[in-house]
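The values are calculated or read from the model by the stated rules, or taken from the named source; none is laboratory data. Quick caveat: nothing in here was measured; it's all calculated off a predicted structure. Cβ atoms come from the backbone with ideal geometry, glycine included; neighbour counts cover every protein chain shown. Surface accessibility is based on the protein's heavy atoms, side chains included, excluding ligands, DNA and RNA. Shrake-Rupley method; radii C 1.70, N 1.55, O 1.52, S 1.80 Å.
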Amino acid sequence: MRPNILFIMSDDHAAHAISAYQSRINQTPHIDRIAREGMRFDNCFCTNSICAPSRATILTGLYNHENGVRTLVDSLDGRLLNFPQLLRASGYQTALVGKWHLGHGWPHDPTGFDYWNVLPGQGDYFDPVMYDMGTKVQMPGYVTDIITDISLDWLAQRDAEKPFLLMLHHKAPHRPWLPDAAHAHLYEEDDLPAPDTFDDDYHSRPAAEAARMRVDRDLHAEDLKAPVPGGLSPAEEKLWKYQRYIKDYLRCIAAIDDNVGRVLDYLDHEGLTDNTIVVYTSDQGFFLGDHGWYDKRFMYEESLRMPFLIRYPKEIAAGSVSDAMALNVDFAPSFLDWAELAIPAHWQGQSLRPLAQGHVPADWRTAMYYRYWMHLDAIHGVWAHYGIRTAQYKLIYYYGEALGTSGSTDLGTPKTWELFDLQADPYELTNLYDDPAMQPVVAELKAQLSTLQAAVHDHPYESP
Ligand code: CA
């Protein structure tokens, strides 16, 4: 029988909050098990670091300018081809449980699933309303447990004669980071280390300086869940806020990890482990105090990188690691490949199956294209940008306009470029774009960026 596919995706879970990725701040033993018994991808990147767009790309195998979900306020048109539709048509049983965030009602409800039960919008952590095949039901309990319970119930009633695709999408650990009672006191006695770039001064990066996602300034009462103590210096107050933020974030992840354990145990118990591809990923990365920030959106490493762990004992060597560049646009073709189905010619990613088998094709990509469209979004004020990342460099262009994009603010911002040498400056603190010695590199990267942009049918910003 063709392999089952269990796709577990959380929301905003950065790779550097997973111990298999050498987290300095937490342990995730159950998620780590997938890495230990499978492969860890160290360079898996999203093509637009926000929720809805990344989800749309994962389903459709297309970049956001092609699938119509460029920002958080866009909805997915369910008539667009997606990989669950193709798996289902070929005989898979398919289900989606948890976060959807791609719109509701015709034609935005999930398509391609025999069963779906999703949170409306962001959904709630406690006693969430869910849309069970479109019917509104309030579920008592904690959202991470509920999503797992519904998923296990669906697995238990499935037809064991057919392979399954289950997309298990956690809402956690998305802001406002509400932990359950079982983990509410985790880390209470600990002082978690702040990242090396916690006190970034944004020197040479005006877009970074302009963003409103700073731990010391932009977290509010709902995030902190306690009044700021008096008598603290600014530095002490910033650290206090960081502890409040990061501990709740990690407590939410601890509940995910426990529930991943429940699902892996179920597969073991049912004898499904050998013939099931298990993926753990997140829709994008997140700043965990890095650059003094929470949130995502930027093309910087912490936000760009997705965790991607995959286990399939029949094909993937235990404890293996790939540093090849993988993208969220690759997920859909990969699953079709494993299901022995043809990959639609207009899809824009490549199957990761050879990489997972330990073989990097000679023509595998060495650069990736990124675009964040949501210019000056009302909350975080991040400037729209596109760019290219290679193994050594990253070139980013903040083109300074909304271009009529949904969810954006139609105000001009400075048109600026950033260049980082990721080997010399892995934290991306020094913008080398104006360095005379770097001009040959800039020219080469601009040419590559144009080529990549054209290859995915996107267009450069043209001054009016
Ligand atoms: Ca997200």
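Restricting to the stretch 64-194, compute how many DSSP beta bridges are antiparallel as a %, nearest 5.
For the stretch 64-194, the DSSP antiparallel bridge percentage is about 40.
Any idea what the dipole of the chain comes to, in debye rounded to 20, about its Cα centre with Lys/Arg Cβ at +1 and Asp/Glu Cβ at -1?
Working: 38 positive and 64 negative charges, 172 e Å.
Computed about the Cα centre, the dipole is about 820 debye.
Could you tell me what percent of the accessible area of the chain is made up of carbon and sulfur, with a 1.4 Å probe and every protein chain present?
Carbon and sulfur atoms account for 53 percent of the accessible area of the chain.
Lysine pairs in the chain 8 or more apart or on different chains: how many have alpha carbons under 28 angstrom apart?
28
Roll a 1.4 Å probe over the protein chains and send me the accessible area per residue for the stretch 38-92 in Å².
Per-residue accessible area for the stretch 38-92 comes out at 24 Å².
Rounded, prolate or oblate for the stretch 314-393? Axes are the square roots of the Cα gyration tensor eigenvalues, ordered a ≥ b ≥ c, and the cut-off for rounded is a/c under 1.5.
Judged from the Cα gyration tensor, the stretch 314-393 comes out prolate (a/c at least 1.5, a/b above b/c).
Based on the mean of other Cβ atoms within 10 Å per residue, sort peptides 16-26, 55-65 so the most packed one is first.
Per-residue Cβ counts within 10 Å, averaged per peptide and sorted highest first, yield 55-65, 16-26.
At 1.4 Å probe size, what's the solvent-accessible area of MET133? Round to the nearest 10 Å².
90
222 nm [θ] for the chain, helices only, -39500 (n - 2.57) per DSSP H run of 4+, per residue, to 500?
Calculated mean residue ellipticity at 222 nm is -8000 deg cm²/dmol.
When DSSP beta bridges are limited to those with both residues in the chain, what percentage is antiparallel, rounded to the nearest 5? Present the calculation step by step, with values, prior to reporting the outcome.
On the way: 32 of 60 bridges.
About 55 percent, rounded to the nearest 5.
From Cα coordinates alone, what are the radius of gyration and Dmax values for the stretch 368-455 in angstrom?
13.6, 39
Residues of the stretch 368-455: accessible area per residue at 1.4 Å, in Å²? Write down the numbers at each step before the final one.
Working: 3480 Å² over 88 residues.
Heavy-atom accessible area per residue stands at 40 Å².
DSSP H helices in the chain with Cα extent of 15 Å or more along the helix axis and mean Kyte-Doolittle hydropathy at least 0.5?
143-157
Mind grabbing the base-10 log of I(q)/I(0) for the chain at q = 0.06, 0.08, 0.13 Å⁻¹? Debye formula, identical points on the C-alpha positions, no solvent, two decimal places.
-0.24, -0.44, -1.25
Which order do the peptides 287-294, 255-262 take when ranked by the mean count of other beta-carbon atoms within 10 Å per residue, highest first?
287-294, 255-262
Ordered by packing density, taken as the mean number of other Cβ atoms within 10 Å over each peptide's residues, highest first, how do 359-369, 160-170, 401-411 rank?
160-170, 401-411, 359-369
So what's the gap between the Cα centers of the stretch 1-56 and the stretch 316-333, to the nearest angstrom?
Measuring centre to centre over Cα atoms gives 11 Å.
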